[in-house]
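Down below is the structure, laid out as structure tokens.
The values are calculated or read from the model by the stated rules, or taken from the named source; none is laboratory data. Since we're looking at a predicted model, the values are computed, not measured. For neighbour counting, all protein chains shown are included, and Cβ atoms are generated from backbone atoms with ideal geometry for every residue, glycine included.
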Amino acid sequence: MRYFLLGYMGSGKTTLGKALSEHLGVDFVDLDVRITAEIGRSIVSFMEDKGELAFRKVEHTVLERLLSESQEDVVVALGGGTPVFYNHMEALNAAGTTVFLDVSVVELARRLEKDVDRPLIKDKDDVAEFVAKHLFERRPFYSLAQHRVKGDALTVEAVLEAIG
């Protein structure tokens, strides 16, 4: 089975994805790592140079390639914005099980405040306000996931319970 973890940056997609893949005994793929390999530099550097639209085009290409692979047993951590662009949620829901990691704005802001490697929050004065606004815009896409796990201290067990 293919599991796709989605949610806002800082929601724990990579951390939970690695733990879930170990628990299930399947491979783990971090979409951002694949994108970094594709562009040959950090996402921050790429976005500063080329902009978000160019990044989203690369992200789309890398995701399409990932979805076309025959690998069936895998946990994939998506980028925070991946579900928002193109027809990604439709394609992800058709390709496997989608799980929205729904973490509160307060907790996301706490996790992200000192994270300078996130291009969208770099140089933001009020991280909590930015996260709240951005999450509000993205939530309709995240809500298209087949499963939702809500909380500020998500665990592998909570994800397993949600996907039943």
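The C-beta contact set for region 28-47 (first residue under 19 Å from Glu64 (Cα atoms), second residue of a type in the set (Asp, Glu), distance under 8 angstrom, 6+ apart or interchain) comprises Phe28/Glu22; Leu31/Glu59; Ile35/Glu59; Ile43/Asp32. When the residues of region 137-162 are filtered to those that are more than 15 Å from Ala19 (Cα to Cα) and among the aliphatic types (A, V, I, L, M), the one that is surrounded by the fewest Cβ atoms within 10 Å (Cβ to Cβ) is Leu144. State yes or no: is Phe55 within 17 Å of the chain's Cα centre (by Cα), assigned to a helix (DSSP H, G or I) and modelled with pLDDT of 95 or more? Here the answer is yes, as Phe55 does meet what is asked.
Leu120 - would you say it is modelled with pLDDT under 90, among the hydrophobic types (A, V, I, L, M, F, W, C) and under 15 Å from the mean Cα position of the chain (by Cα)? It is true that Leu120 is modelled with pLDDT under 90, among the hydrophobic types (A, V, I, L, M, F, W, C) and under 15 Å from the mean Cα position of the chain (by Cα).
Within region 94-106, the set of residues being surrounded by 17 or more Cβ atoms within 10 Å (Cβ to Cβ) and either outside any strand (DSSP E or B) or free of Cβ contacts under 8 Å to residues at least 40 places away in the same chain (or both) comprises Gly96, Val103, Val105. Every test in (1) farther than 23 Å from Val105 by Cβ; (2) in contact (Cβ under 8 Å) with a residue 40 or more places away in the chain; (3) basic (Lys, Arg) is passed by Lys13 save one, and that test is (1).
Against the conditions (1) more than 29 Å from Ala158 (Cβ to Cβ); (2) crowded, with 17+ Cβ neighbours inside 10 Å; (3) in contact with an Asp or Glu (Cβ under 7 Å, 6 or more places away or on another chain), Gly79 satisfies every one except (1).
Against the list (1) in a helix (DSSP H, G or I); (2) in contact with a Gly (Cβ under 8 Å, 6 or more places away or on another chain), the condition Tyr8 fails is (1).
Looking only at region 61-85, which residues are more than 17 Å from Ala19 (Cα to Cα), part of a loop (DSSP other than H, G, I, E, B) and over 15 Å from the mean Cα position of the chain (by Cα)? Within region 61-85, Glu69, Ser70, Gln71, Glu72 qualify.
When region 16-45 is examined, which residues are found to be at pLDDT below 95, assigned to a helix (DSSP H, G or I) and of a type in the set (Ser, Thr, Tyr)? Selection gives Ser45 alone.
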